[in-house]
Amino acid sequence: TLDTGPIPSYDHVGNILYNMVVNPVTGKLYVSNIQSPNEVQYEGPGHLSGTTVQGRLSESRITVIDIDSGKVESKHLNQHIDYNLRHTNIPDDFDTSVKAHSLATPLEMVVSADGKTIYTAAYGSSKIGVFDAAAIEAGDFKTSFKPRSASARYIDTGPGPSGLALDEARKRLYVYTRFDNAVSVINLESKETEQTI
């Protein structure tokens with residue numbers, strides 16, 4: 001028989017939810033999503049008014065849900081972006097690698113069998129984000145997250161990655177790339193694409 005009891009629901013997970021996966025060890029539920037803080041939607045050069053606002057249109061996130069406690073914590077994946085830096089006063093020594101380390105539109109995720117690693121298809125960045133699951137689950141993700149260190153790595157892939165299949169026995173990650181309708185075979189040791197089908 002089916003359980004007809006109340007079905008739990010969780011608030012503040014994100015504006016647009018893409019995919020879900022359960023960590024096989026911790027039992028935490030991960031939801032890939034984007035959040036649009038709409039209180040500031042527009043920005044401009046400030047020619048007419050002499051001032052402008054700083055828009056913040058979208059955050060790529062993984063939200064962690066503890067099914068037992070009902071606790072919901074969202075983790076912004078691009079902690080290295082300085083949202084206080086206005087486009088009108090970008091310094092000459094601006095770090096242009098910010099874009100290269102950013103993930104846009106996180107879609108499908110897979111988790112390693114030991115529960116330690118999360119692979120995330122970043123559809124808008126042509127990358128796979130590779131995250132330490134303990135860092136994602138940490139209470140203060142910002143201090144444990146270092147985008148240019150081993151705690152978060154990036155694997156370049158074909159355009160529009162949207163589907164993932166993990167083959168841990170062969171140390172391969174299969175990535176469906178929607179823009180070219182192909183499947184890339186990635187060697188997880190070298191982080192290189194071995195074959196595109």
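The values are calculated or read from the model by the stated rules, or taken from the named source; none is laboratory data. Since we're looking at a predicted model, the values are computed, not measured. Glycine also receives a Cβ, built like all others from the backbone with ideal geometry; neighbour counts cover every protein chain displayed. Ligands, DNA and RNA are excluded from the accessible area calculation, which covers all protein heavy atoms including side chains. Shrake-Rupley method; radii C 1.70, N 1.55, O 1.52, S 1.80 Å.
What list of ³J(HN,Hα) couplings, whole Hz, do you get for region 169-183 from phi and the Karplus terms 6.51, -1.76, 1.60, once you set θ to phi - 60° and write x for glycine and proline?
After applying 6.51 cos²θ - 1.76 cosθ + 1.60, I find 4, 9, 6, 10, 10, 9, 10, 8, 10, 6, 5, 10, 6, 9, 10 Hz.
Mind giving me the nanometre distance, one decimal, between the label points for Ser36 and Ala169, set 7 Å out from Cα along Cα→Cβ?
With each label placed 7 Å out from Cα toward Cβ, I get 4.4 nm.
What nm distance separates the two modelled labels at Val185 and His47, each placed 7 Å from Cα along Cα→Cβ?
5.5 nm
Could you give the dipole magnitude of region 155-197 about its Cα centre, charging the beta-carbon of Lys and Arg +1 and that of Asp and Glu -1, in debye to the nearest 20? Intermediate results must be reported in sequence, preceding the final value.
Values: 5 positive and 7 negative charges, 19 e Å.
Taking the Cα centre of region 155-197 as origin, the dipole is about 100 debye.
Just add up the charged neighbours of Ser125: K/R +1, D/E -1, any other residue whose Cβ is under 10 Å from the Cβ of Ser125.
+1
What residues have an amide H closer than 5 Å to that of Ala182, excluding those fewer than 5 places away on the same chain, when H is modeled at 1.01 Å from N in the peptide plane?
Thr177
So how much slack lies between Ser97 and Lys116, counting 0.36 nm per residue of separation and subtracting their Cα-Cα distance, in nm? Intermediate values should be presented prior to the final figure.
On the way: separation 19, 0.36 × 19 = 6.84 nm, distance 2.68 nm.
Fully extending the segment from Ser97 to Lys116 adds 4.2 nm.
Calculate the FRET efficiency for Val22 and Ala138 from the Cβ-Cβ distance with a Förster distance of 22 Å, rounded to the nearest 0.05. Mind showing how you got there, number by number?
Details: r = 18 Å, r/R0 = 0.82.
Efficiency at R0 = 22 Å is approximately 0.75.
Run through region 154-194 and list the GluC sites (Glu not before Pro) located in a DSSP loop whose Cβ has at most 13 other Cβ atoms within 10 Å.
Those that pass, being in a loop and sparsely packed, are Glu168, Glu189.
Just to make sure I understand: if all protein chains stay in place, what is the order of Arg170, Arg178 by accessible area at 1.4 Å, largest first?
These residues rank, largest area first, as Arg170, Arg178.
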